[in-house]
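Have a look at the structure below, then the notes.
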Amino acid sequence: MKQTKKRLSYIKNQKPANIEWILNLLDQIPKYQLQQSNLKSATQIQLQGLQDCDQILKSELYSFNNKTNKFQQITFSLYPNMLINNFGEFLILSTCIMIKKIIQYKEFIAQGVLLYNHHGNLFIFYESYVQQLNWEKQLKRFCKQQNFSQKYTIKEKLSIPNHFVCVKNKNNRIYTVQMIRFTHLNEQNYEQLMNEINILMCFKQSGLNQFHALFEDGEILYILYDYWIGDTLFKQLQQGLLLTMQQISQIIYQLIKVCRFLTINNLYHAAILPTNIILLRNNNNAQQQTKITLFNFSFRDVNQVSSIIQKLPNAWIPPEFSCLNVKQDLAQIDLYQIGVLLYYLTIFLPEKGIKQGPFNKTIDNFQIQYAWLKGLQHKSPIPYSYSLVDFLCQLLDPNPQTRITYSVAICHQWLINQKHQQNPIEKDNMKILASLRTILELREQNSNDYASSQRFDQKLEQHITSSSEEDDQVQTVDDYLHRISKERNCIPHYINLMNIITPCKHPSRKSVNDQIHFV
């Protein structure tokens, strides 16, 4: 403790050092690398757009100036996923791999980082250790890092394809990681993937995966999230999950909240399908809240409307999108699809049941009967609540001009009624994902060292990482930590187990790299 206080005191009192002479006199970085810059000039409109963005850091850093042909102090500003200097040149950080760089001459040391992509390189060096700590902490949030297998240990394969549980070797914190081969992606898939990563990098919102870090090693991309465990809503329904009206209302409410958040930030999802909704393992709280997370984002580019529609089931396409010659408001698509999902869960499934097989093949006869819904409003009695029918009619209104808005939908009477009716649900009726702790205890019930694991678990609880609203996950992964701490790293094994997709041509990674998205 005393040593830590002394070190912090030293760092606080450390004075900035002039390292310009070290960088310019020592010829340790080849000139061609310095001159091959990956910075691009921003337009005046793009610079004005930055005024609405939150600035994270602003400092004078040492970097190579191609005009003067030497290192000098240049002012850099850091925004979410973007670095921009005082010359109006920018760099999208998620396209870059970050590598630490040290230049030493006798007792003098210059520390910095190299940010490189297929366009070129950017070297930046710090004038103090405090500056180094602040900048590297933030750059790691957005840049690709390397050597994942040296820093993390993969221990468990999840039911979601290409998703695994891993542990950070340094502090035993638990994360969920998605592993993707570049050779399994075509250019369009790669652009969609990077679009989703960029969104998650910039925002922290309940209902979205909480992004932690990005690694690239060879042909494998590792996307690290805060720990979660779950399965898709569709798969759970096929396995016999019976949702109550209260649980359905909780799912719909969370979807409205997260999609409203996306709309406020000029984003959209455009595929609110049961296959793109992860139903998280149920918490052991008193209210038994059903938690979800939304993944598999679509494009943000308005020009991609036709390609989005081609991938969607017919029922999930709003009526106004049938005419591609008319400019559609993509902000409308998510709310309409939430209405379709509500119709699917409350009317279609109870009547038709769910079939086995791929999702698209299980909804051959699924159609929105809007005229029938409107007719129910004038009948009595009806098999559904009037507030549900009214909510569906407003969400599925064929006229986008009179369709319900997010601000009205989130306060609809049906959601309010279901919230008031929520009661603690008996465990016998809960068929959401089995507790990971229960599964592992069954697998380890014959272990002789189970008693010692409980003592070991208490020391590890403080290291478990979870999303902001999943604090009670600590209680469900303690036995799991004890088990996996003894196992070897399974990264090579799980790389071979990744789903085999027909290899496509290696994607060109410049399609996303050259664009600035102000969100």
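The values are calculated or read from the model by the stated rules, or taken from the named source; none is laboratory data. Keep in mind the model is a prediction, meaning the values are calculated, not measured. Don't worry about glycine lacking a Cβ; one is built from the backbone with ideal geometry, like all the others, and counts go over all protein chains shown. The area values use the complete protein model at the heavy-atom level, side chains included, leaving out ligands, DNA and RNA. Shrake-Rupley method; radii C 1.70, N 1.55, O 1.52, S 1.80 Å.
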* Asked: Taking N as the number of residues in region 346-410, what is its Cα Rg relative to 2.2 N^0.38 Å?
  -> 1.29
* To two decimal places, what compactness ratio does region 118-195 give when its Cα radius of gyration is scaled by 2.2 N^0.38 Å? -> 1.41
* On average, how much accessible surface per residue is there in region 313-398, in Å², for a 1.4 Å probe, leaving out ligands, DNA and RNA? -> 50
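Want the number for TRP21 to GLN46: 0.36 nm per residue separation, take away the alpha-carbon distance, what's left?
5.5 nm
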* Which order do the peptides 105-113, 370-378, 200-208 take when ranked by the mean count of other beta-carbon atoms within 10 Å per residue, highest first? => 200-208, 105-113, 370-378
* Could you tell me what percent of the accessible area of region 24-80 is made up of carbon and sulfur, with a 1.4 Å probe and every protein chain present? => 44
* Asked: Leaving out ligands, DNA and RNA, what percent of the accessible area of region 347-395 is carbon and sulfur, probe 1.4 Å?
  -> 51
* Beta carbons within 10 angstrom, averaged per residue: use that to sort the peptides 84-93, 245-254, highest first. => 245-254, 84-93
* To do: Quantify, in whole percent, the carbon and sulfur part of the accessible surface of region 178-278 (1.4 Å probe; protein heavy atoms only).
  => 49
* May I ask which of LYS151/LYS235; LYS204/LYS235; LYS101/LYS204; LYS144/LYS204; LYS101/LYS168 have a Cα-Cα span longer than 28 Å here? => LYS151/LYS235; LYS101/LYS204
* Structure fact -> Kirkwood calc, region 36-105, C-alpha pairs only, radius in angstrom 13.3
* Members of LYS137/LYS291; LYS257/LYS419; LYS311/LYS355; LYS70/LYS140; LYS31/LYS100 lying beyond 24 Å, as alpha-carbon distances in this model show -> LYS137/LYS291; LYS70/LYS140
